[in-house]
Amino acid sequence: MLSTDTDILAAAESWRHDGRAVALATVIETWGSAPRPVGSHLVVDAEGNFLGSVSGGCVEGAVITEAITVIEDGAPRVLEFGVADETAWQAGLSCGGRIRVFVERVD
Amino acid sequence: MRADLLAGLNAERAARRAAILVTDIADGAQRLVREAEIAADPLAAVLGRHLAAGKSGLVEADGRTLFLTVQVPPVRLVVVGAVHISQALAPMAAGLDLALTVIDPRTAFATPERFPGVELVAEWPDAALGGRVPPLDRYCALAALTHDPKIDDPALEAALAAECFYVGALGSRKTHAARVARLAEAGFSPEQIGRIRAPIGLAIGAVSPAEIALSVLAEIVATLRRAPRPEVA
C-alpha cells in the first residue's frame, strides 16, 4: 500500500518516468490542529490523478486544481488554507487549523 | 523540482542515507544536500539541527525563506538475545517506531510464543546480519543482551564496523573489562571500543527487566536525538 511520504516521492519519480506531467505538493507550515504534519506530500498528474495527502481530505480538491495549473504554467506557488481563508479558497479546514502548501512542477 | 533532484533524493533513501532538499519557496530554486555534504555546506549548522531532529521545516537564511525536506532513514534496532529484557523491550520499541529485530541462535529462547509479532531470527548474529537481516548501518542501534560472549561479541564487532549510532552491551564492569580486552585483541581501536555503552542503559536504577528495557531505549533515544551525528567517513 502506498501510504508514506517517501512512497509518494517514489511514485512521483515513477509517474514522471512514465512520461506523465507531474506536480508535487508539500505541507511547509502548519498552525493549530493541522491534520497532516509538515513535510507531507501529495503527487498530482495533469488528469487530476493523485496519491498521498496534505490535509486528510479537507483541501485536497483545491490543491489538485492548483497543481494542474502549476503543471500548465510551471510556476511554483504557495497555497494557504484555513478557516480565515474560506472566502479566498472556498476550501477550509473544519478542524480550525491552518496549513501552507508549496506546489511545484516536476520537470 | 528537477527530475534529477527527485531521483537523487529517492536514491539516497533507497541506500539508507540521510539527505535534505533545500527549496527557496519564493522561486522554487532547489538543491539536494547529501548527508556527507552537510558539514561543508554554508547552512551546515541549521541543516545539522534539522537532520538530528529528523524534522522538515521552514528556515530563514540570507533574507530568503527556505523549506527543508529532511529525509532520514527509519531507525532500526537489532537486539541480540531473545531474553526476558527483550520480551519487555519489544512492545516499547514498537511504540517508539523503532523497527526491531531480535537475533538469538538458541532456539529455546527465540520462539514466536515468547515474541509474538516480533521479527525473530534464530541464527548466529554473524550469519544473520547481511543474510536474513539487512546489514547494520549508521541508522541502526544494536543492543547485545545475552551475557554470552560467543553470541554477543560477533554482533558487537559487526556494529562497531558498521558505525551503528548506538552500541550497547549488557554486563557488569568486570564482564565489560574482559570484553574490551577481547575486542582489542580482535583489532578494534580504543576509540571504537569506547563507543560501546556498558553497563548498558541510562542510570535510572533499573531493577526489573521492563525497567532495564526502558533504560536501554531511553539511552538509544538520547543518543539519536541529542548527540551530534558522527562524521561521515
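The values are calculated or read from the model by the stated rules, or taken from the named source; none is laboratory data. What you see is a predicted model; the values in this text were computed from it and never measured. Every residue, glycine among them, receives a Cβ derived from its backbone with ideal geometry; neighbour counts consider all protein chains shown.
Odds and ends about this structure:
- Any hit, segment A:16-33, residues being assigned to a loop (DSSP other than H, G, I, E, B) and away from every other protein chain (no Cβ under 14 Å): yes
- Subset of segment B:71-90 that is within 22 Å of residue B:165 (Cα to Cα) and of a type in the set (Val, Ile, Thr) - its residue that is nearest to the other protein chains (Cβ to nearest Cβ): B:72
- Only a single item in (1) within 14 Å of chain A (Cβ to nearest Cβ); (2) under 20 Å from residue B:160 (Cβ atoms); (3) surrounded by 21 or more Cβ atoms within 10 Å (Cβ to Cβ) is not met by residue B:68, and it is number (2).
- Filtering segment B:81-91 for residues that are surrounded by 19 or more Cβ atoms within 10 Å (Cβ to Cβ), of a type outside the set (Asp, Glu) and part of a strand (DSSP E or B) leaves an empty set.
- Residue within segment B:111-131 that is at pLDDT 95 or above, of a type in the set (A, V, I, L, M) and loosely packed, with under 15 Cβ neighbours inside 10 Å present: yes
- With respect to the conditions (1) assigned to a strand (DSSP E or B); (2) more than 23 Å from residue B:11 (Cα to Cα); (3) of a type outside the set (S, T, N, Q); (4) touching a Leu at 6+ places or on another chain (Cβ under 7 Å), residue B:77 falls short on a single one, namely (2).
- Residues in segment B:25-65 that are surrounded by 15 or more Cβ atoms within 10 Å (Cβ to Cβ) and touching a Pro at 6+ places or on another chain (Cβ under 9 Å): 5 in all.
- Residue among B:175, B:146 that alone is hydroxyl-bearing (Ser, Thr, Tyr), crowded, with 21+ Cβ neighbours inside 10 Å and farther than 28 Å from residue B:14 by Cβ: B:146
- Output for segment B:132-143, where each listed residue is surrounded by 24 or more Cβ atoms within 10 Å (Cβ to Cβ) and over 17 Å from residue B:109 (Cβ atoms): B:140, B:141, B:142
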